[in-house]
1. Computed FRET efficiency, Cβ-Cβ of residue 84 and residue 104, R0 30 Å: what is it to the nearest 0.05?
2. Taking neighbour Cβ counts within 10 Å as the exposure measure, how do 49, 7 sort from fewest upward?
3. For residue 22 and residue 40 in one chain, what is 0.36 nm times their gap in residues minus the Cα-Cα distance, to one decimal in nm?
4. For the residues 103, 42, what sequence is obtained by ranking on other C-beta atoms within 10 Å, fewest first?
């Protein structure tokens with residue numbers, strides 16, 4: 001049961017990411033990238049960067065990473081994702097609450113069944 005919860009949390013966490021740019025679907029179209037937003041950027045060699053984008057230029061995306069200014073050439077970018085942390089927290093909290101409620105209801109129904117069984121059985 002514990003592994004099920006780990007799997008569920010992993011699945012929910014991975015589902016709260018939206019792809020803003022992909023070299024495979026919208027080649028050279030960086031219109032969805034906005035300054036002032038944090039993104040996860042993957043370059044063509046599959047390196048991962050967390051970047052707070054400050055501006056989108058003609059040939060590069062400029063931002064900060066670990067308090068240092070960086071510029072990533074658009075031609076080197078494979079994918080840009082935006083994490084939705086708030087949605088992830090709400091989704092995980094709701095799922096855990098639903099599972100706990102289901103467990104409480106099932107346990108109560110089991111206890112009621114045992115009680116009625118004793119009454120009907122004459123114990």
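1. Numbers: r = 30 Å, r/R0 = 0.99.
According to the calculation, E is roughly 0.50.
2. Working: 49 16, 7 10.
Lowest to highest Cβ neighbour count: 7, 49.
3. Details: separation 18, 0.36 × 18 = 6.48 nm, distance 1.19 nm.
Stretched out fully, the residue 22 to residue 40 stretch lengthens by 5.3 nm.
4. Numbers: 103 11, 42 17.
Sorted ascending by nearby Cβ count, the order is 103, 42.
Values in this text are rule-based calculations from the coordinates and carry no lab data. Keep in mind that this is a model prediction, so the values were computed, not measured. Positions of Cβ are generated from backbone atoms using ideal geometry, with glycine treated the same way; all protein chains shown enter the neighbour counts.
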